[in-house]
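Enquirer: Could you have a look at this structure, given as structure tokens, before my questions?
The values are calculated or read from the model by the stated rules, or taken from the named source; none is laboratory data. Not measured: the values here are computed from a predicted model. Cβ coordinates were reconstructed from backbone atoms using ideal geometry, including for glycine residues, and neighbour counts include every protein chain displayed.
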């Protein structure tokens, strides 16, 4: 799902997209000349692997999303919630896939492994 950057105005434009059993409902609203604010809620479940035993399971989650989208290169490195789309199109599918990959890359433990009382070390 792609939305032209120029078609987003001061009035919030809502969207709904589904991918891999995850739903993203949200809105896009112009927040500056070259900036659009994406506000949304992402919920669903993602197939992940337990980092302790290696068994696969579904990880349910629900999270709010607040991102700034721009059509220019941003030099500031202090804000990690900025996504650049330099072709003039906001790719909501790309954003959702990126957020799903972020959830998949986190540490996950199945119910069986969370019940173990033995201490384990986790490296960050």
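Enquirer: Show me the strands (runs of 3 or more DSSP E) entirely contained within region 1-71 in which 1 or more residues are touching a helix residue (DSSP H, G or I) at 6+ places or on another chain (Cβ under 7 Å) and either at pLDDT 90 or above or within 22 Å of residue 112 (Cβ to Cβ) (or both).
Expert: 13-19, 22-32, 35-49, 56-70
Enquirer: Regarding region 90-112, can at least one residue be identified that is part of a strand (DSSP E or B), under 20 Å from the mean Cα position of the chain (by Cα) and either at pLDDT 85 or above or at negative phi (or both)? Reasoning before the result, please.
Expert: Within region 90-112, the subset part of a strand (DSSP E or B) is 90-91.
Restricting the remaining residues to those that are under 20 Å from the mean Cα position of the chain (by Cα) gives 90-91.
Among the residues that remain, those that are also either at pLDDT 85 or above or at negative phi (or both) are: 90-91.
Yes, region 90-112 has at least one match.
Enquirer: Tell me which residues, restricted to region 1-19, are closer than 21 Å to residue 103 by Cα and exposed (fewer than 14 other Cβ atoms within 10 Å of the Cβ).
Expert: If the condition is that a residue be closer than 21 Å to residue 103 by Cα and exposed (fewer than 14 other Cβ atoms within 10 Å of the Cβ), then 16, 18 are the ones that fit.
Enquirer: Now, a different point. Does residue 44 meet the test of being within 12 Å of residue 99 (Cβ to Cβ) and free of Cβ contacts under 8 Å to residues at least 60 places away in the same chain?
Expert: yes
Enquirer: Hey, another quick one. Checking residue 38 against (1) buried (at least 17 other Cβ atoms within 10 Å of the Cβ); (2) out of contact with any strand residue (DSSP E or B) (no Cβ under 8 Å at 6 or more places or on another chain), which single condition isn't satisfied?
Expert: Of (1) buried (at least 17 other Cβ atoms within 10 Å of the Cβ); (2) out of contact with any strand residue (DSSP E or B) (no Cβ under 8 Å at 6 or more places or on another chain), only one is false for residue 38: (2).
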